[in-house]
Number of protein chains: 2
Amino acid sequence: MRRFAFVVVLGLLIQCCQWLPAVERWGRYEISLYGPVDGNPYLDVTLSAEFTCGDETVHCPGFYDGNGTYRIRFSPPSVGQWNYATTSNVPGLNGKSGQFTADRPSGQNHGPVQVSQVFHFAYADGTPYRPIGTTCYAWTHQAEDLEEQTLDSLKHSPFNKLRMCVFPKNYAYNATEPPRFPFEGTPPNKWEYERFNPDFFRHLENRIEQLEELGIEADLILFHPYDEGRWGFDRMDEKSDDRYLRYMLARFSWYRNVWWSLANEFDFMDQKQAADWDRYLEIIAAEDPHQRLRSVHNGRQIYNHNRPEITHASIQNGSAVSDFGRAILYRDVYRKPVVFDEVKYEGNITQRWGNLSAQEMVHRFWQGTIAGTYVGHGETYQHPENIIWWAKGGQLHGQSPDRIAFLRSIVEDAPHGIEPIDKWQNERTAGRKGELYLVYLGKQISDHWNFELPRERLEEPLKLKGELIDTWNMTVHPIEGEFDAVPFGQYVYYCPERPTIKIPEIPYLLLRFTVIH
Amino acid sequence: MRRFAFVVVLGLLIQCCQWLPAVERWGRYEISLYGPVDGNPYLDVTLSAEFTCGDETVHCPGFYDGNGTYRIRFSPPSVGQWNYATTSNVPGLNGKSGQFTADRPSGQNHGPVQVSQVFHFAYADGTPYRPIGTTCYAWTHQAEDLEEQTLDSLKHSPFNKLRMCVFPKNYAYNATEPPRFPFEGTPPNKWEYERFNPDFFRHLENRIEQLEELGIEADLILFHPYDEGRWGFDRMDEKSDDRYLRYMLARFSWYRNVWWSLANEFDFMDQKQAADWDRYLEIIAAEDPHQRLRSVHNGRQIYNHNRPEITHASIQNGSAVSDFGRAILYRDVYRKPVVFDEVKYEGNITQRWGNLSAQEMVHRFWQGTIAGTYVGHGETYQHPENIIWWAKGGQLHGQSPDRIAFLRSIVEDAPHGIEPIDKWQNERTAGRKGELYLVYLGKQISDHWNFELPRERLEEPLKLKGELIDTWNMTVHPIEGEFDAVPFGQYVYYCPERPTIKIPEIPYLLLRFTVIH
């Protein structure tokens, strides 16, 4: 009965449609409406819109943003004229219609990242996207100046993806009370889970937009165990979880740089059951209007990434990229992109997950790379005020980011990406057969390398140029002369005139051979 | 109309029920009936029986065995009085009922092998079963004396599982025409796929029974690509495939030592689509009255072993057991038993999949073992008449079987099985925390081992006895004295009084530490 009361009031309210100055394909278009403020708008009001352009239709959920403002957010997937019409249980929000044109994207707008060629990613416009991620779990829960410093650090880093939590973090080195909370209520743990705090989400939106400007994907972690009941966001009931997920979808899905990471260390959340994770995933897969990427990141037990709703395997397992022949095993199993989002961190804390040398961190990036997978960075150097990059952001202190930038340049120089060649047989060589061969020598120290490249059923002789790349010292030295490689036996290329190449006796070398046409 | 004709004739036929002398739990009980011989009994007659004992009901399909004989085969899963009643579209086969008693199993009858404790196997009576497999793909398609020789070789081997194909094999070293074929028709490739050849299947049954007597599980490969159209069993149509599968279920499921391996190298069968494999699996999972183990073995592309119908991951990938830290990755992904059924073969042929040294084969067995997985053997030594164990059976010529027997004894000495301890961190140590620690040193050669065992959150000091095991020379030497191990830091046990153990400078050593109570 109460609902009918405010519905009448509503008719008197002015409806306002805010037009963003320029709507690009993959940009953002928002319908903003005024509606009821009484009762609980989060529960009482249903709102959505259907956006149509030719044959294409996208159904977008709306959400309440406080102070009588309702919003429906849409990112047009195609250029053209889009029509929309709203549906609501509130007459004043129902049946609103309009149209706008989505123009061609400009500047650095390549669209959202999608899965490409089974194991890789590309922006929607086809531009390859090769994730070079880092981790600042709780960076949006810090003081303003620290958050700005994090953005500045990211700006000068090689990283194009950031793992970050929606909820604040309560963990070792992370005891600070956050400045704002996602729900109305009283800290630390008396929350009205049926009423969101729009300020909290506006702040997060602002940070995500700033990341977008830097070309950084926001790998947004929706749940995590680092709460342990302090605030209780790790133990909400089923309805609150689902309402929160739907609110996130309605508010954040329009950002083309948002990825949904359902959890960090999902299996460490004792309050959740296996069926909860499946349900979260089904909700997001079914209801996300923009179908952003979806993953579930593990602790000790790996989620079933073979589920069709999972777009890519987000894996914690440092051992998988610490030596040859391991990372590739996951690729075969999932036949999806594999992103090792947690391989331990460069740092000097006592926990073994946070004391990698910079050399080891870089080595793990290379191991992942030659396996045709992707690796994420994190940093855990002790700090007098516990401002540790991995959680709070701030400044990068380690030596790996420069080397990771160097790796990124090598990776981006590969015209058709890097794939294992002769997987399960030749663990060190990747690239593309008949075109590019990268041979990573890892920690091996030797004064020579015996020329041998995988044949993979190629018949013709190859003429190649070679380069010696020092992945730690970040140098690329051409090797003089050319290499005339011929098939030798069933499986390899051999170079009869130059069977052996002299190399310096240092670790972390990479040989790059390019076929000369 | 034709069917009605023979139904009338049927009424005149005598029905006969053959009672096996002793029916044990997990043994074999057969209903044998006489029925129509005209038309095509394989297509025209439906027959099944419901077996009931208390609350338990098992639905068993029947099959036609030629010469007017119809059979329904059942292996009672429980002790007790079983009642049955048949159903058929032929009146003379319909509504037959009877009863029998299943007694307690005797001798070596431990029941069928099932999955146990997520990653392992046990017989139905709870006795652990640890697969130590080998491979003779086409051994049942050879001359009588060769087949008998294979059985004799198996009898004197450590192997308790055999991979073997139902269909004959046409491949390198395998050009012999088989003595019998599964269908009526004219060799090489004019088959009446709607009429089975009972002789072919009776021969196979005989071999499976002989394996059962030897305590060997028959990992029966239902399809394989090594035909290439010579006989055409790799390219039957959908209906023929499904009819064949159902015939196999009806005839062979009652053997408690049968496992269903849907394929060898399923992805090399160009005529089959992904959906075919899913369908085969669904048929077997839904219709197998005895729910024998189910797997799909890969070539280059791994089947989705996360499917619920798959009981265990049957994997070809030698590289996964060639070095530390690899095999375990599959375990985490599937949370099912992982059996590396093809890791290349001990032998000396030119193909790289058939030229492992015996040392390397044994090393791979140990790699799989310490990862909590299982490994299969095969042998490919050149032979003047191409009698190669991996396909035709015959005699074993290699040096690995004796070492595999030795491994089997070590494995069977582990009272609670072998699990990785501190997975992803300590790649060399397996066993059971607080009880048994096996440290495999692989190819590493050193004159000492620094005492370090994983803690895995144990708090108490441990007193241990140690043994030095040479996995190649098959010796077990006690290490004098005891080891008093204490927690050191968060992650390891250390032995302050004996921080270093002297070891011989040879490869393939295993240290075994047992906690003394």
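The values are calculated or read from the model by the stated rules, or taken from the named source; none is laboratory data. Since the model is a prediction, treat every value here as computed from it, not as a measurement. Neighbour counts run over all protein chains shown; Cβ positions are idealised from the backbone, glycine included.
For the stretch B:332-361: of the residues being away from chain A (no Cβ under 14 Å) and not in a helix (DSSP H, G or I), which is nearest to A:Asn304 (Cα to Cα)?
Of everything passing the filter in the stretch B:332-361, B:Pro337 is nearest to A:Asn304 (Cα to Cα).
Which condition number does B:Cys60 fail, the rest of (1) modelled with pLDDT of 95 or more; (2) outside any strand (DSSP E or B) being met?
Only one criterion in (1) modelled with pLDDT of 95 or more; (2) outside any strand (DSSP E or B) is unmet by B:Cys60, namely (2).
Name the residue, out of B:Lys392, B:Lys463, B:Lys433, that is on the phi < 0 side of the Ramachandran plot, touching a helix residue (DSSP H, G or I) at 6+ places or on another chain (Cβ under 8 Å) and of a type in the set (D, E, K, R).
B:Lys392
Could you say whether any residue in the stretch B:157-169 is surrounded by fewer than 18 Cβ atoms within 10 Å (Cβ to Cβ) and assigned to a loop (DSSP other than H, G, I, E, B)?
Looking for residues that are surrounded by fewer than 18 Cβ atoms within 10 Å (Cβ to Cβ) and assigned to a loop (DSSP other than H, G, I, E, B), one finds none in the stretch B:157-169, hence no.
A:Pro289 is checked against (1) under 25 Å from B:Asn317 (Cα atoms); (2) part of a loop (DSSP other than H, G, I, E, B); (3) touching a His at 6+ places or on another chain (Cβ under 9 Å) and fails just one. What number does that condition carry?
(1)
Which members of the stretch B:251-279 meet the condition of being within 16 Å of the chain's Cα centre (by Cα), in a loop (DSSP other than H, G, I, E, B) and hydrophobic (A, V, I, L, M, F, W, C)?
Correct list: B:Trp254 only.
Here is a yes/no grid of residues against (1) within 12 Å of chain A (Cβ to nearest Cβ); (2) among the β-branched types (Val, Ile, Thr); (3) part of a helix (DSSP H, G or I):
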| position | (1), (2), (3) |
| --- | --- |
| B:His305 | yes, no, no |
| B:Phe324 | yes, no, no |
| B:His363 | no, no, yes |
| B:Pro415 | no, no, no |
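What are the residues in the stretch A:417-435 that are within 13 Å of chain B (Cβ to nearest Cβ) and within 24 Å of the chain's Cα centre (by Cα), if any?
A:Pro420
I'm trying to understand the selection: among the residues of the stretch A:124-137, which are of a type outside the set (Lys, Arg) and in a loop (DSSP other than H, G, I, E, B)?
A:Ala124, A:Asp125, A:Gly126, A:Thr127, A:Pro131, A:Ile132, A:Cys136, A:Tyr137
Within the stretch B:46-67, does at least one residue satisfy the condition of being surrounded by 13 or more Cβ atoms within 10 Å (Cβ to Cβ), small (Gly, Ala, Ser), under 25 Å from B:Arg294 (Cα atoms) and touching a Gly at 6+ places or on another chain (Cβ under 8 Å)?
Yes, because at least one residue in the stretch B:46-67 is surrounded by 13 or more Cβ atoms within 10 Å (Cβ to Cβ), small (Gly, Ala, Ser), under 25 Å from B:Arg294 (Cα atoms) and touching a Gly at 6+ places or on another chain (Cβ under 8 Å).
Inspect the stretch A:467-477 for any residue being at pLDDT 95 or above and farther than 18 Å from A:Gly442 by Cα and give the result as yes or no.
No, the stretch A:467-477 has no match at all.
Which pairs do you get when a residue that is in contact (Cβ under 8 Å) with a residue 24 or more places away in the chain, found in the stretch A:406-422, comes within reach of a residue that is aromatic (Phe, Trp, Tyr), reach meaning Cβ atoms under 6 angstrom, with the pair 6+ apart or on two chains?
A:Leu407/A:Phe365
Only one of these is within 20 Å of the chain's Cα centre (by Cα) and not β-branched (Val, Ile, Thr): B:Trp353, B:Trp366. Name it.
Selected residue: B:Trp366, the only one of B:Trp353, B:Trp366 that is within 20 Å of the chain's Cα centre (by Cα) and not β-branched (Val, Ile, Thr).
Name the residue that is nearest to A:Pro131 (Cα to Cα), counting only residues in the stretch A:307-322 that are in contact with a strand residue (DSSP E or B) (Cβ under 7 Å, 6 or more places away or on another chain), more than 10 Å from chain B (Cβ to nearest Cβ) and part of a loop (DSSP other than H, G, I, E, B).
A:His312
Could you tell me how many of the residues in the stretch A:283-303 are away from chain B (no Cβ under 14 Å) and either buried (at least 21 other Cβ atoms within 10 Å of the Cβ) or within 19 Å of the chain's Cα centre (by Cα) (or both)?
10
So A:Asn426 ticks every box in (1) over 23 Å from A:Gln359 (Cα atoms); (2) part of a strand (DSSP E or B); (3) out of contact with any Ser or Thr (no Cβ under 7 Å at 6 or more places or on another chain) but one. Which box is left unticked?
Here A:Asn426 meets the rest and fails (2).
Considering the stretch B:67-123 alone, what residues qualify as being within 23 Å of the chain's Cα centre (by Cα), in a strand (DSSP E or B) and hydrophobic (A, V, I, L, M, F, W, C)?
Once the filter is applied, which keeps residues that are within 23 Å of the chain's Cα centre (by Cα), in a strand (DSSP E or B) and hydrophobic (A, V, I, L, M, F, W, C), the stretch B:67-123 yields B:Phe74, B:Val113, B:Val115, B:Phe121, B:Ala122.
Can you spot a residue in the stretch B:423-438 that is within 23 Å of B:Gly325 (Cβ to Cβ) and touching a Lys or Arg at 6+ places or on another chain (Cβ under 6 Å)?
Among the residues of the stretch B:423-438, at least one is within 23 Å of B:Gly325 (Cβ to Cβ) and touching a Lys or Arg at 6+ places or on another chain (Cβ under 6 Å), which makes the answer yes.
Please pick out the residue among A:Asn264, A:Asn306, A:Asn298, A:Asn257 that is under 26 Å from A:Arg28 (Cα atoms) and in contact (Cβ under 8 Å) with a residue 24 or more places away in the chain.
From the options A:Asn264, A:Asn306, A:Asn298, A:Asn257, the qualifying one is A:Asn257.
In the stretch B:172-199, how many are crowded, with 16+ Cβ neighbours inside 10 Å and under 17 Å from B:Lys392 (Cα atoms)?
Of the residues in that region, 5 qualify.
Give A:Glu435, A:Glu412, A:Glu480 a once-over and let me know the one that is more than 23 Å from A:Ile328 (Cα to Cα) and surrounded by fewer than 18 Cβ atoms within 10 Å (Cβ to Cβ).
A:Glu480
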